[in-house]
Each structure stands twice: as C-alpha cells, then as structure tokens.
Amino acid sequence: MKNTNIRKCAECAVMIALATVLSYLTIFKAPYGGSVTAFSQVPIVIIGYRHGFKWGALTGVVYGILQMLLQGLGNFAYVSGIGSYLILIFFDYILAFGVLGIAGAFFRGMFKSNRQLQPVALGISAVVASALRLLCHFISGVTIWGEYADGWKSVWVYSLAYNGFYMLFEGIITVVGVVALGLVLDFHSPNLTKKRA
C-alpha cells in the first residue's frame, strides 16, 4: 500500500509539472485573463480518471495554486477587499483547477467492464471538467470582474461570453487530447501500458 501511494504521488507530481509546462504553451490569451493552451488540462483530468476523487482533487488543487503563484499574482492588483481576494483565489484558481481532477474521477468506473470504451469516458470527463471550470470562472466574473462589463447589457452575459469563449476552445483541445491518449493507453493499468488491439 505504501509503495502504491508513493507511486501515485510521483505520478501526480509529474502530471502537475507537465500541466504547468503545457500552460505556458499559449495558443490564445484573453485580454483580461484566461487563455487557450496546448493540452494543459489533460494531465489533471487523466490523474482523476486513473486514481479517483482524492488524488484527482489534490492534484487539481496543487496545480491551481501553482497557476496562481506562477501566472496569476498580478490579478490581485485589480481587486480589493478580503471577499474579492477569496473569490479570486478559490474561483479562479483552487476550485477552477481542482474540478479538473474531480470530473475525471466521477467517470473512472464508466464502461470499466469494456475498456474499449475508455476514450468515451475520458471524453465525457473532459467535457464535464471544462464545464465545471467555466462555472467557476463565470462566478468569479459575475462577482468580482463585473466592472469590465461596460457596454454589455448584463454582467452575467459578459461573464458567460468572456469566459465561455476561451473555455470552449480549451475544452475542445482537452477532449481531443484525452480521447487520443485513451485510444492508445490503458489508464486502468497500474503501469500505464499500451492498449491491446
């Protein structure tokens, strides 16, 4: 059991590092935060799918904290008050990235008896993960970033349009990434082996 946990910790650390590196490969950067990256959500979704809720949530949260420290500290200059800081920390980073691992965990058992359908379960995981992350950013947009909604009829529409735009493409890229990997690798295998033909 101890060796298994050490192995999971090592795998989670590698996937966090990989996601962090991929987050710097930016395809599109939105003007007020948010970006479309080269598959940066994929490693976190996979950890949740492979190792379940606890490991997925922990990996996503650690990744979110790293994103905040490495790329998001400048955002604190644009908000004021403890409430705004807490919303920024939780809804733009900790929860927003934590849900990536949680969604993967929910669909871990889906089609477990038929591993050929693993790419379907991974694809659904990626869609749900991206939708939950969008929800987190949407809440943040409505509560603390509303001042940027000038010219919009509603702060709700602004937040959904702004965050939905980049998250749509981020979600599509994530689905493509996890499905492609799911066609090749057996994520139920402890050693992450190639799938049998």
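The values are calculated or read from the model by the stated rules, or taken from the named source; none is laboratory data. Note that the structure is a prediction, hence the values are computed from the model and not measured. Using ideal geometry, Cβ is built from the backbone for each residue, glycine included, and neighbour counts are taken over all protein chains shown. The area values use the complete protein model at the heavy-atom level, side chains included, leaving out ligands, DNA and RNA. Shrake-Rupley method; radii C 1.70, N 1.55, O 1.52, S 1.80 Å.
Can you list which of the DSSP-assigned H helices in the chain have a Cα extent of 30 Å or more along the long axis and an average Kyte-Doolittle score of at least 0.5? Write down the numbers at each step before the final one.
Working: long enough: 2-23 (31 Å, 0.64); 118-143 (38 Å, 1.42); 155-184 (43 Å, 1.66).
Answer set is 2-23, 118-143, 155-184.
Using the Cα atoms as the points, what is the convex hull volume per residue of the chain in Å³?
Values: hull volume 22.4 nm³, N = 197.
Dividing the Cα hull volume of the chain by its residue count gives 114 Å³.
Close amide H pairs (under 5 Å, H built 1.01 Å from N) link Leu185 with Lys195, residues at least 5 positions away or on another chain.
Add +1 for every Lys or Arg and -1 for every Asp or Glu among the other residues with Cβ under 13 Å from the Cβ of Gly48, and state the total. Don't skip to the end; give the middle numbers.
Details: positive: Lys8, Arg50, Lys54, Arg108, Arg133; negative: Glu11.
Result for the neighbourhood of Gly48: +4.
Tell me the carbon and sulfur percent of the accessible area for the chain, rounded to whole percent, probe radius 1.4 Å. For the chain, the apolar C and S fraction of the accessible surface comes to 71 percent. Length gained on full extension, Thr4 to Tyr32: 5.9 nm, using 0.36 nm per residue less the C-alpha separation. Placing unit charges on each Cβ (+1 for Lys and Arg, -1 for Asp and Glu) gives the chain a dipole about its Cα centre, and among Leu134, Val120, Ser159 the Cα reaching farthest toward its positive end belongs to Val120.
Calculate the dipole size of the stretch 64-169 relative to its Cα centre from +1 charges on Lys and Arg beta carbons and -1 charges on Asp and Glu beta carbons; express the result in debye to the nearest 20.
Details: 5 positive and 3 negative charges, 112 e Å.
Approximately 540 debye in magnitude.
Distances between placed amide hydrogens fall under 5 Å for Ala38 paired with Leu25, Ile27, all partners being 5 or more residues away or on another chain.
Once fully extended, how much extra length lies between Ile82 and Asp150, figured as 0.36 nm per residue of separation less the alpha-carbon to alpha-carbon distance?
Numbers: separation 68, 0.36 × 68 = 24.48 nm, distance 2.41 nm.
Stretched fully, the Ile82-Asp150 segment lengthens by 22.1 nm.
Taking label points 7 Å from Cα along the Cα-to-Cβ direction, Val14 and Thr143 give a separation of 3.7 nm. Probing with 1.4 Å while keeping every protein chain in the model, the per residue accessible area of the chain equals 51 Å².
Sorting check: for 173-182, 69-78, 13-22, which peptide has the highest mean count of neighbouring beta carbons within 10 Å, and how do the rest follow? Spell out each step's value before the answer.
Numbers: 173-182: 20.6, 69-78: 12.4, 13-22: 16.7.
In decreasing order of mean packing, 173-182, 69-78, 13-22 become 173-182, 13-22, 69-78.
In the chain, taking the dipole from charged Cβ atoms about the Cα centre, the farthest positive-side position among Gly48, Phe28, Ala17 is held by Gly48.
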